[in-house]
Structure formats: structure tokens, C-alpha cells
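See below for the structure under consideration.
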Amino acid sequence: MSATSSNGPADCDLACQARLLQNVSRTFAFTIPQLPHPLRWPVTNAYLLCRIADTIEDEPELSPTQKQAFLDRFVTMIAGREDATSFARELGALLSSSTTASEQDLVASCNRVVRITASLNSCQRAAIVRCLRIMSGGMMEFQKTPAPAGLTDLSCLNRYCYCVAGVVGEMLTELFCDYSAEVNRQKKGLLALSVAYAQGLQMTNILKDLWDDQRRGVCWLPRDVFRASGFELDRLSPGEADPRFLKGFSELVAITGGLLRDGLRYVLLIPAHETGLRRYLLWSLGLSVLMLRSLYRSPSFRKGRNIKLSRLHVAVLIVSTSILARSNSALITLFKAAARGLPGTVQPHAADPFAC
């Protein structure tokens, strides 16, 4: 593992980073503090950098050429070869009201965020730079080929999910392995499952945000899956109840459920005594399983915000996973219960821990 940088981050920069996280994502501001202390600020830093890349991608007033230029400069900046202050000033001047005040504040404060990045050790910085380079390239790949009637096929969806989420799973795994020699001994297995963990979360969000995305002229669903059931995505309308559409939707639910199942395998490779690491991963995984189940039960919902998890369900998830975090067998049982009724999610395979 790499040695920690001798020049640690300033307390004022860490305080600024914590404030920025709270403002742009209450969810991550809630889950990241579950991590062991040495991982909290590197993971927060990585998340905020990914959020800046998202802000560039989502800004409607930036042309594709401008987005490409800013994303290229952004990666160069993270690698320490671009001035963060001028970058923030030039990007901030072009952001419209479509970018939230919190995101504009994040961009304006990116010099502080980048100072923390510079204080990380070489392994941590390399993992973050690799992630942002792949993510930025993937964002522009899909920006250049917009697909309002869906992506070409499932492999194209997998490629998209890898660029915006799977690579984040790989980055987190590198950070976890750098933190602990014991975790590092599981690195091969963790890396093999990290993309599935992250893609499961991403695909759950894609299904949840289906109609909101469509209103923005965006669709991340794969046309081949729906064409196989006799439905063309260019005919899609909010709250679609065509049985052929619902068949394709159910297939994607099954695929997503399988990815979340592999996501639990990922968590189970983390040493049982690393309860903070496990809680951080389990809370996001569990929320996705519960959300996916709600989506499957109401596939013709009109808006993503119409599908909500009750506070009771969230509280039960947090308490149960926290209590059972050390027990692999208990977590498997809990996952089976949460995923009950989802297609293709909990069937055991040979030499599979779910077979117990």
C-alpha cells in the first residue's frame, strides 16, 4: 500500500468539503460517515470530483465542444497540471440557472477540493484520476450520440453504466484496498465484483428515473430488450402500460436484481470486522433492492418521485444491516427477504453462498 502524503489536508479545506457534500448529496453525507475515519475524506473528495464532472455534462448551455474542453481540462487539473482557480472561474461564468446553487458553489470551491486531492497518497490519486478520465471520456461518448429513443442494445447500456458507475466501483475498491492490507488480500475478487455492485445501483436509478429522463428527451433503456418483446421505444409515453413494454421492463428488473445480488457478494468479501465499510456499502445496496422491488410492483408509475420508500422501511434497513453487518449468512437471508418476488434474483447456483 502507498504511504500517506506527508502534507495532509488543511482543516479549513476538510470543513469546506464536508459542507459541500452535505449541500449536494444528503444521501452520501449520511453514508460516508459510516466509513473508517481514514477513508472518509478521500471518498468524499472522490465523490465531489465526480459530481463536478456530472455538472459539466448536465449543463444545457454548454455546447458539446465546450463540455469536451472543460472535461479534458478537469482531468488535467485533477492530475495537478491545470490551475483550479482559473478553471472554476471560467466554468462558473458559463453555468446557467439549470445548475443548482449547490453545484455552482461546488464548482466555485473546486480549488479547495483539488487541494485535498493533492494531499492524497499516490495510490489514491491514481485511482481517482483513472476514474475521472474514463468517466469523462464515456460522458462525451454518449453526449455525441444522444439516443432519445433508447440505446442500441444491452451491451451499449452496460458500456454506459460502466463509464458513469462501474469505474467508480473500481475506484472505491482501490481506495479500500489501499486502506487495509486485509482488504487488499481480497482485491482480485473485489475488483471482479465491483462493477456489478455499482452497475446494480446505477440501473436501479435508470429505471426509477425513466419518465423524468424521457421528459428531458433522454432514454437509457436498451432497444433490443424491448424489441424482443415486440415494443419499440420510440412509441414510449409516460406511464406506459403496454404488456409488451412491461415484459421488457421486467427483464431489466431481473438483470438489475442479478447485479445487486452480485453486489452483496462484493460486500461479503469485505472482512466481517470492517463493519463501517460494510455499512457504507450495505445501506446503498439495500435501498436499491427495496426501490427495485417497488418499481417492479408499479412498473407504469408516471414519475420517479412517485416511487418512495417509507421512513419505516429505511429505518428497518439501517438497523438490521447494522446489527447483522458481521454475519454473512444473516445478510444473505436478509437480502433474500428484501428481494422476494423479484424475477431472477435469488435462485441459487452451484457453489453459490446463496444456496445455503
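Between SER250 and THR333, what is the label-to-label distance in nm when each label sits 7 Å out along the Cα-to-Cβ direction?
3.1 nm
Under a plain spin-label model, where a point goes 7 Å from the Cα along Cα-to-Cβ, how far apart in nm are ASP224 and THR76?
For ASP224 paired with THR76, the spin-label model returns 3.8 nm.
Which of VAL195, VAL24 comes first, and how do the rest follow, when ranked by fewest Cβ neighbours within 10 Å?
VAL24, VAL195
Would you please state which residues of the range 268-303 a label at VAL314 would reach in this model, taking the label point 7 Å out along Cα→Cβ and a backbone N cut-off of under 15 Å?
Only 283-292 pass the distance filter.
Starting from the 7 Å offset along Cα-to-Cβ, what nm value, one decimal, do you get for the label separation of THR152 and SER98?
Between THR152 and SER98, the label points sit 2.6 nm apart.
Shape of the range 220-277 from its Cα gyration tensor (a ≥ b ≥ c, root eigenvalues): rounded if a/c is under 1.5, otherwise prolate when a/b > b/c, or oblate?
It is prolate, given that a/c is not under 1.5 and a/b is the larger ratio.
Please give the peptides 162-168, 118-124, 235-241 ranked by average Cβ packing (other Cβ atoms within 10 Å per residue), highest first, as a rough proxy for protection.
162-168, 118-124, 235-241
Given C-alpha coordinates of the chain, what is the ratio Rg to Rh with the Kirkwood estimate of Rh?
0.96
Subtract the Cα-Cα distance of SER300 and SER237 from 0.36 nm times their separation in residues, and report this length gain in nm to one decimal.
Here the segment from SER300 to SER237 would lengthen by 21.7 nm.
Remind me, what semi-axes does the range 139-276 give for its equivalent ellipsoid, largest first in whole Å, using sqrt of 5 times each Cα gyration tensor eigenvalue?
Value: 33, 16, 11 Å, ordered largest first.
Under unit Cβ charges (Lys, Arg +1; Asp, Glu -1), what dipole magnitude, rounded to 20 debye, does the range 146-346 have relative to its Cα centre?
640 debye
For the range 33-69 and the range 94-128, what is the centre-to-centre distance using only Cα atoms, to the nearest Å?
6 Å
A short reminder: the numbers here are calculations on the coordinates, not readings from a lab. As the structure is a prediction and not an experimental result, all values here were calculated from the model. All Cβ positions, even for glycine, are placed from backbone atoms using ideal geometry, and neighbour counts span all protein chains on display.
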